[in-house]
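First the structure, in the form of structure tokens, and then the observations on it.
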Amino acid sequence: MAYLEVRGLRVGYGAIPVLQGIDFDVEEGKTTVLLGLNGAGKTTTVATIAGLLKPSAGTITFDGQRIEGRDPAQLVERGVALVPEGRRTFPSLTIAQNLRLGSWTKRQRRQELQATEARVYEYFPVLEERRDQLAGTMSGGEQQMLAIGRAMMSLPRLMLIDEASLGLSPRLAKTVFSIVDKINDDGVTVIIVEQNVGVLRHADNALVMEKGAIVYQGSGEELRKGDELRKTYLGAAS
Amino acid sequence: MQGVGFVIARPIVQGLASGAAVGLVAVGLVLVYKSSRVFNFAAGEFVTLGAFGTYLADFWLPFGLAVIVGIATGAIAGLLTERLVVRPLSSRPKVTILVATVAIAFAIIPIEIIRSSKTQAFPARPIVHGNAFQIFRVFVSWQQLIIVLALVVVGAGLAYFFNRTDLGLATLASSQEPTATRLMGIRLNRISMLVWGMAGALGGLAGVLLPPLNLNFFAGFGTTDVLIAAFTAAVLGGMTSVPGAFVGGVLLGIVQAGALANVNSNKFPGAPSVAVLAVLVIVLVVRPTGLLGKEA
Ligand SMILES: Nc1ncnc2c1ncn2[C@@H]1O[C@H](COP(=O)(O)OP(=O)(O)OP(=O)(O)O)[C@@H](O)[C@H]1O
Ligand SMILES: [Mg+2]
């Protein structure tokens, strides 16, 4: 049984169906990239896994337990963290306070949190330099780092990152991806939503979505090297 | 002939005290507005219920406990409002919730009147009788002093809560980014209960502290005498700023007391209310974002 198993998942907004019964697996300890054009349903997929949306049908099994339809509070506690589309840091709180809130469900685990905080500052030194600065006054790239750091503070086992590279310079995007590699090396299973095919270098596995369906599921390497595959699933532009 | 010191000091002393109590209510309005984006028109009755709670409990309990009952009555009113009215309507337009809070006030006031009569004045006991000291020949009563102290203590407590505690941070976070707050594992419903409970307790506290300044209170006085002033104070402070609401409350109290002291009330009754509205209009025209008009 895979670490995360999604089966027959249907999700919509009101009466509008978006996910049409999707199936996929994510392996423990791996990085899986979820690719797809605008409106394909990537955000809907990860938001549902994180508990922000309730599916109308289907199951999500995480580490052997059914989690679909549970609320985010329970899921964070169990180790599912979402870095949401658009970062959504708390603008009028400082960086240190943003990180502190990331650890909300794990407040009792002081020692682990201390170690994790040190790791966040090691990965993102700019956050330590600016720890007393308000998040709202930081650049988009810095806020992305903060959003990832904040998710790290929940001591996740599965981290979902929605559009990490959006609006970042190619260089900064590379830096962020390499830190995602480190987070993965620390033992966190990662699902990263992207439109930037460059991310494939950092991925073990890849999923491609189109119009609310999974149209490719396989190794990231294969998708990266196979020109045919890439053209078919991601269009000529990539 | 009274000295200049007296003429200036008297409205300041009186205004500080009544304005501080208004400030407590204004802070409750701000907390609720930041958290739910709702203008809470039931806030005035949290005040009246606080006054009634203390008045009734005083028959049975030592006065110190009766004071706590008054504050708790306000808190319970706030919690019930959240649970029974605001939460069930949470997916509706904000104006629906606003109207529902008006309905709460209009439902509570007749109940209070049934228990009394429209004009019956209920005696209100100060926490400590008598005067504390004199400044520029103006007597400062213990009650006035206690109200100002209460405002200082509440202000310090809220500052500590919002800056130093996890729950306080979570409350601020929920008003800035509700979705991200949920993703932290924080339950928005609980934060909402907490905020309404705090707003209710602040109203109840004002209901305990304010009536003794006039020696009595009436059914519905929180809505008729306090609510508009508290809203004006909150707007003056920027509607989303807790310190702004405190400052707004105190400034407004002083303006009201000044109007009361300097305008002949036989020729021109209701001067303090007119002064409140004048301040409201001036703020909305000159500086609609308020004195400290930013999220804080
Ligand atoms: N709140 C909403 N209400 C109604 N429809 C929505 C809502 N959010 C998304 N949709 C629709 O669901 C579909 C999938 O959206 P989703 O945000 O999951 O796509 P995405 O793959 O993340 O796209 P992008 O790359 O642009 O972020 C789109 O057609 C979108 O219009
Ligand atoms: Mg998206």
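In summary, A:MET1 fulfils each of the numbered conditions (1) within 16 Å of ligand 2 (Cβ to nearest atom); (2) aliphatic (A, V, I, L, M); (3) surrounded by fewer than 21 Cβ atoms within 10 Å (Cβ to Cβ) with the single exception of condition (1). Of the helices (runs of 4 or more DSSP H) contained entirely in the range B:11-127, those carrying at least 2 residues that are out of contact with any helix residue (DSSP H, G or I) (no Cβ under 6 Å at 6 or more places or on another chain) and under 24 Å from B:TRP142 (Cα atoms) fall at B:43-57, B:63-81.
Among the residues of the range A:60-93, those that are more than 8 Å from chain B (Cβ to nearest Cβ), among the β-branched types (Val, Ile, Thr) and surrounded by 23 or more Cβ atoms within 10 Å (Cβ to Cβ) comprise A:VAL80, A:VAL83. Only a single item in (1) touching a helix residue (DSSP H, G or I) at 6+ places or on another chain (Cβ under 7 Å); (2) among the β-branched types (Val, Ile, Thr); (3) modelled with pLDDT of 85 or more is not met by B:VAL247, and it is number (1).
Annotation: of all residues in the range A:147-175 being surrounded by fewer than 22 Cβ atoms within 10 Å (Cβ to Cβ) and aliphatic (A, V, I, L, M), the one that is nearest to ligand 1 (Cβ to nearest atom) is A:LEU166.
Sort out which residues of the range A:48-77 are in contact with a strand residue (DSSP E or B) (Cβ under 7 Å, 6 or more places away or on another chain) and not in a loop (DSSP other than H, G, I, E, B), and write them in order of number.
A:THR48, A:ILE49, A:ALA57, A:GLY58, A:THR59, A:ILE60, A:THR61, A:PHE62, A:ARG66
Is it fair to say A:ARG171 is of a type in the set (Lys, Arg), within 13 Å of chain B (Cβ to nearest Cβ) and either touching a Cys at 6+ places or on another chain (Cβ under 7 Å) or more than 16 Å from ligand 2 (Cβ to nearest atom) (or both)? Here the answer is no, as A:ARG171 does not meet what is asked.
Of B:GLY238, B:GLY157, which residue is closer than 19 Å to B:ALA26 by Cβ and within 14 Å of another protein chain (Cβ to nearest Cβ)?
Values: B:GLY157 fails: within 14 Å of another protein chain (Cβ to nearest Cβ).
Exactly one of B:GLY238, B:GLY157 is closer than 19 Å to B:ALA26 by Cβ and within 14 Å of another protein chain (Cβ to nearest Cβ), namely B:GLY238.
For B:GLY200, which of the numbered conditions (1) more than 9 Å from chain A (Cβ to nearest Cβ); (2) modelled with pLDDT of 95 or more; (3) under 28 Å from A:ASP162 (Cα atoms) fails to hold? Every condition holds for B:GLY200 apart from (3). Filter the range A:181-206 down to the residues that are more than 16 Å from ligand 1 (Cβ to nearest atom), in contact with a Ser or Thr (Cβ under 7 Å, 6 or more places away or on another chain) and of a type in the set (A, V, I, L, M) and list them by number. Scanning the range A:181-206 gives A:VAL190, A:ALA203. Hey, can you tell me all the residues within the range A:4-57 that are touching a residue at least 12 places away in the same chain (Cβ under 8 Å), away from ligand 2 (no atom under 16 Å from the Cβ) and within 14 Å of chain B (Cβ to nearest Cβ)? Once the filter is applied, which keeps residues that are touching a residue at least 12 places away in the same chain (Cβ under 8 Å), away from ligand 2 (no atom under 16 Å from the Cβ) and within 14 Å of chain B (Cβ to nearest Cβ), the range A:4-57 yields A:GLY51, A:LYS54.
The values are calculated or read from the model by the stated rules, or taken from the named source; none is laboratory data. Computed from a predicted structure; not experimentally measured. As a convention, Cβ positions derive from the backbone with ideal geometry for all residues, glycine included, and neighbour counts pool all protein chains shown.
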